[in-house]
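Below is one structure, written out as structure tokens; comments come after it.
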Amino acid sequence: MNDPSKLLAVDLGVRCGLAVYGRNGRLESYRSTNFGSARTMKNAVWGILRGVDGLTHIVAEGDRNLAQAWEKAAKKQGLSFEVIGAEAWRPDILLKRQRRSGADAKEAADELAREVIEWSGADRPTSLRHDAAEAILIGLWGVWELGWLDELPV
């Protein structure tokens with residue numbers, strides 16, 4: 001049976017990274033969106049969630065104040081929602097030397113996100129912003145935590 005469940009990973013911010021994973025644990029789509037303001041982001045959340053067919057889970061990382069809009073919309077739609085800090089996913093995804101500084105972590109995230117894109121067979125980016133790269137890795141951690149992957153591909 002083909003399970004249509006999807007996970008949306010969000011790197012929270014006014015400039016926001018989004019990544020969608022299928023039940024097979026593979027990345028399906030990703031993007032970076034600049035909402036311009038927190039108000040515009042809050043107004044866009046409902047539409048973003050409705051735009052992901054089969055969405056069942058959301059994992060978000062970043063500004064907990066911005067997370068409230070996502071959580072409210074998720075709860076209204078009956079979706080599982082979790083907000084985490086970078087300290088939750090980075091130790092599982094990045095090597096210790098890649099986490100020495102925020103700059104090191106962002107550089108490593110870019111490289112690993114490209115590997116996940118390739119492994120998943122998702123469209124290659126013409127450019128990859130760090131917020132989209134981090135959303136890809138947050139989502140990878142999320143599907144692994146859900147048991148949608150037996151092991152991490154990176």
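Can you pull out every residue in the stretch 129-154 that is hydrophobic (A, V, I, L, M, F, W, C), modelled with pLDDT of 90 or more and in a loop (DSSP other than H, G, I, E, B)? Scanning the stretch 129-154 gives Leu146, Trp148, Leu149.
The condition (being in contact with a His (Cβ under 7 Å, 6 or more places away or on another chain) and over 14 Å from Glu134 (Cβ atoms)) is satisfied by just one residue among Ser101, Ser37, Ser80: Ser80. Regarding the stretch 21-39, can at least one residue be identified that is among the β-branched types (Val, Ile, Thr) and either part of a helix (DSSP H, G or I) or crowded, with 21+ Cβ neighbours inside 10 Å (or both)? No, there is no match, as no residue in the stretch 21-39 is among the β-branched types (Val, Ile, Thr) and either part of a helix (DSSP H, G or I) or crowded, with 21+ Cβ neighbours inside 10 Å (or both). Summed over the stretch 68-106, the residues that are touching a residue at least 12 places away in the same chain (Cβ under 8 Å) and in a loop (DSSP other than H, G, I, E, B) give a count of 5.
Across the stretch 42-96, the number of residues qualifying as farther than 19 Å from Ser32 by Cβ, of a type in the set (Phe, Trp, Tyr) and either crowded, with 18+ Cβ neighbours inside 10 Å or under 13 Å from the mean Cα position of the chain (by Cα) (or both) comes to 1.
The values are calculated or read from the model by the stated rules, or taken from the named source; none is laboratory data. Because the structure is a prediction, the values reported are computed rather than measured. Every residue, glycine as well, gets a Cβ built from its backbone with ideal geometry; the counts of neighbours run over all protein chains shown.
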